[in-house]
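Report on the following structure.
The values are calculated or read from the model by the stated rules, or taken from the named source; none is laboratory data. Just so it is clear, the model here is predicted, and its values are computed rather than measured. We place every Cβ from the backbone using ideal geometry, glycine too, and count neighbours over all the protein chains shown. Protein only, heavy atoms only, side chains kept; ligands, DNA and RNA dropped before computing areas. Shrake-Rupley method; radii C 1.70, N 1.55, O 1.52, S 1.80 Å.
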Amino acid sequence: MADIIYTYAGSAYMNITNKCPCRCIFCIRSNGDGLGSAESLWLKKDPTLEEIKAEIDAFDFSPYSEVVFCGYGEPTQALDILIETAKYLKEKHGLKIRLNSNGLSDLINGRPTAHLLEGVVDSISISLNAPDSESYQRVARPKFGEEAYSALLKFSEDCKKYIPSVKFTLVDAISEEEIERCQKIADEMEIELRVRNWIK
Ligand code: SF4
């Protein structure tokens, strides 16, 4: 059975969906089935809220102050469940909530969504991954068209109003010149950018 909750590098993670509208060239899902304590992060089907709550009730969160929604999929694909699960983790265990996201929630859900995360998510890491729409299509390969990149930037800007800590990440699968342009965009938006190494 696949893991809904797993631990990795000293943090606890929630794996609530395998759905994702992207096919990033660096996606860790192509490196193996599991990560950290999880033998497999491939869910037979996305779990219900009840199934997730049962896993939470059976898990010892005492070593952790924060839970990260990440896993083998884009958490905002299961937006309602993400929000309800985060509320449950906060109420029951007083945990801080971090969301790792591709930033395409508004396109996925067909409406503005950043405001729904207010009071629910404490910090968000958004995968910027490219300095323009053309290179974003090349690197993230979203199922959406050219509108994907501008939607990502709009969602990120919105998040600043509702989430205390907003950060960008990118994987160094692009050129130095493209990384510099990403940094400029991040600076202009006053969002910290973290560059991660491509783990192949
Ligand atoms: S957005 Fe995340 S889960 Fe989706 S393909 Fe890219 S790296 Fe993988």
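Within segment 60-73, can one find any residue that is assigned to a loop (DSSP other than H, G, I, E, B), of a type in the set (A, V, I, L, M, F, W, C) and closer than 19 Å to P164 by Cβ? Yes, some residue in segment 60-73 is assigned to a loop (DSSP other than H, G, I, E, B), of a type in the set (A, V, I, L, M, F, W, C) and closer than 19 Å to P164 by Cβ. Here are the criteria: (1) of a type outside the set (D, E); (2) modelled with pLDDT of 95 or more; (3) under 23 Å from E66 (Cβ atoms). Tell me which single one S135 does not satisfy. Only one criterion is unmet by S135, namely (3). Applying a threshold of 8 Å to beta carbon distances and a minimum spacing of six or more residues, or different chains, the list of pairs starting in segment 4-30 at a residue that is on the phi > 0 side of the Ramachandran plot and ending at one that is away from the ligand (no atom under 11 Å from the Cβ) and open to solvent by 50 Å² or more (accessible area, probe 1.4 Å) reads A9/G36.
Within segment 23-73, count every residue that is of a type in the set (F, W, Y) and either open to solvent by 40 Å² or more (accessible area, probe 1.4 Å) or more than 16 Å from the ligand (Cβ to nearest atom) (or both). Lay out the reasoning, then the answer.
Let us first name the residues in segment 23-73 that are of a type in the set (F, W, Y), namely 26, 42, 59, 61, 64, 69, 72.
Within this subset, residues satisfying the condition of being either open to solvent by 40 Å² or more (accessible area, probe 1.4 Å) or more than 16 Å from the ligand (Cβ to nearest atom) (or both) are 42, 59, 61, 64.
Total satisfying the criteria: 4.
Give me a count of the residues in segment 2-22 that are part of a strand (DSSP E or B) and open to solvent by 20 Å² or more (accessible area, probe 1.4 Å). Number satisfying all stated conditions: 4. One residue stands out among those in segment 39-75 that are of a type outside the set (K, R), touching a Phe, Trp or Tyr at 6+ places or on another chain (Cβ under 9 Å) and modelled with pLDDT of 95 or more: the one that is nearest to I108 (Cα to Cα), which is P75.
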